[in-house]
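Here's the structure, in structure tokens; my notes come after.
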Amino acid sequence: MADHVEKVIYDGDPGHDDVMAIVMAAGDPHIDLLAVTTVAGNTTLENATRNALMLMDVMDLDIPVVPGCAKPLLRKLHTAPQVHGEGGLDGAGYWEPKRKPVNEHAADFLIRTLMESDGDINVVTAGPMTNLALAMIREPRICDKIKQILFMGGGRYGNITGAAEFNIWVDAEAAKVVFDSPCKKVMCGLDLTYQACLTEEVYKKIAGIDTKLGHFLYDILGFFSHAPVTKEEPGPAINDPCPVAYLIDPKVFTTNDYYVDVMTAPGITYGMTVLDYYRLNPWEEIPAPNVTVGEKLDFDRFWEIMLNAIKALG
Ligand code: RIB
Ligand code: CA
């Protein structure tokens with residue numbers, strides 16, 4: 001029996017690492033996964049929604065999949081076929097899912113579900129924050145109802161430009177809306193998530209899980225392993241499960257609180273997250289810390305949670 005259970009709405013752009021995050025949330029007893037809301041990012045909204053529904057087929061679960069925004073708030077959409085393939089989840093092939101998406105926009109779903117709640121729902125975002133930002137703009141009162149926002153995004157360096165991480169870079173204006181909100185926020189930036197890499201040893205463990213889900217994950221991660229990684233990394237970063245893992249076990253990574261803001265001005269720093277690490281600026285009024293930032297990952301604990309979740313789903 002789990003010692004605590006956290007209600008979660010997962011908002012993402014599946015996406016190979018989003019799939020791993022959804023599996024972790026669906027398979028771990030500490031998470032009550034209420035819904036998956038989809039957003040354009042890694043791939044088109046249509047593909048992301050299909051991919052999420054395909055995963056529900058593989059897991060044989062009826063978790064609602066709710067489509068949201070097909071493009072960022074202001075910019076045009078930039079996807080990442082070079083990382084996730086043209087379909088957004090290359091590696092295991094594609095099929096027409098048995099299940100259908102919910103006939104409601106993700107922003108409306110977020111507003112309705114959160115406003116009806118007791119304030120006990122966590123929102124995990126692991127794609128561009130367009131859906132959550134739109135919901136906040138449309139109904140600011142949801143900020144009083146969100147237990148906390150845990151997001152994969154940002155960091156001290158970029159992976160799509162020298163300054164910006166992909167989720168923030170696709171829609172920095174949406175990220176700004178969320179960062180400026182009064183909600184409790186937990187940030188899993190690249191500094192943290194690049195520690196959650198898929199090593200050969202871990203990949204072999206997944207290969208040993210002889211289930212429909214195990215085979216599916218083995219196939220898609222086989223494709224994802226070609227994802228561009230710097231020579232220092234022993235494998236592609238499985239970024240998106242980090243915020244979910246923190247809800248399951250807050251000791252899975254260390255944290256510190258910082259003031260964080262996001263650059264929305266056009267140019268080379270667009271989408272950059274700036275963390276005031278040193279608070280050494282006595283001559284200017286630096287705002288108080290507004291984000292809890294993940295720093296050092298317990299690699300073994302992270303993959304223990306991940307592998308247990310895969311096995312639990314059979
Ligand atoms: O920068 C990595 C993030 O961008 C991950 O969430 C990945 O799925 C993509 O959305
Ligand atoms: Ca993602």
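Bear in mind these aren't lab numbers, they're just calculated from the coordinates by the rules spelled out. Here the structure is a predicted model, which means the values were calculated and not measured. Note that we place each Cβ from the backbone using ideal geometry, even for glycine, and neighbour counts take in every protein chain shown.
Computed values, structure above
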{"item": "TYR277, TYR270, TYR246 arranged by Cβ crowding within 10 Å, fewest neighbours leading", "result": "TYR277, TYR270, TYR246"}
{"item": "Projected area, mean over directions - segment 173-215, Cα convex hull, nm²", "result": "5.3"}
{"item": "Length-normalised contact order for segment 98-239 - Cα pairs under 8 Å, 6+ apart - percent", "result": "20"}
{"item": "Stokes-Einstein diffusion coefficient of the chain, Kirkwood radius over Cα pairs, 4 °C, 1.567 mPa s, in µm²/s", "result": "67"}
{"item": "Links that overshoot a 28 Å alpha carbon limit, given the list LYS7/LYS251; LYS71/LYS145; LYS98/LYS251", "result": "LYS98/LYS251"}
{"item": "Ascending count of other beta-carbon atoms within 10 Å, so fewest first, for HIS30, HIS4", "result": "HIS4, HIS30"}
{"item": "Relative contact order, percent, the chain [alpha-carbon distance under 8 Å, six or more residues apart]", "result": "21"}
{"item": "Counted charge near THR37, where neighbours are those whose Cβ lies closer than 13 Å (Asp, Glu -1; Lys, Arg +1)", "result": "-4"}
{"item": "Rounded to whole Å, sorted largest first: equivalent-ellipsoid semi-axes of segment 1-112, Cα gyration tensor", "result": "22, 17, 13"}
{"item": "Exposure proxy order (Cβ contacts within 10 Å, fewest to most) of LYS7, LYS98", "result": "LYS98, LYS7"}
{"item": "Contour minus Cα-Cα distance for TYR277 and TYR94 (0.36 nm per residue)", "result": "61.5 nm"}
{"item": "Segment 184-314, relative contact order [Cα under 8 Å, separation at least 6], %", "result": "36"}
{"item": "Segment 163-231-segment 124-143 distance, computed between alpha-carbon centres (Å)", "result": "21"}
{"item": "Whole-Hz couplings from phi, Karplus 6.51/-1.76/1.60, listed for segment 291-308; x for Gly and Pro", "result": "9, 8, 10, x, 10, 10, 8, 8, 4, 5, 5, 4, 6, 5, 4, 5, 5, 5"}
{"item": "For the chain, Cys with no neighbouring Cys Cβ under 4.7 Å", "result": "CYS69, CYS143, CYS183, CYS197"}
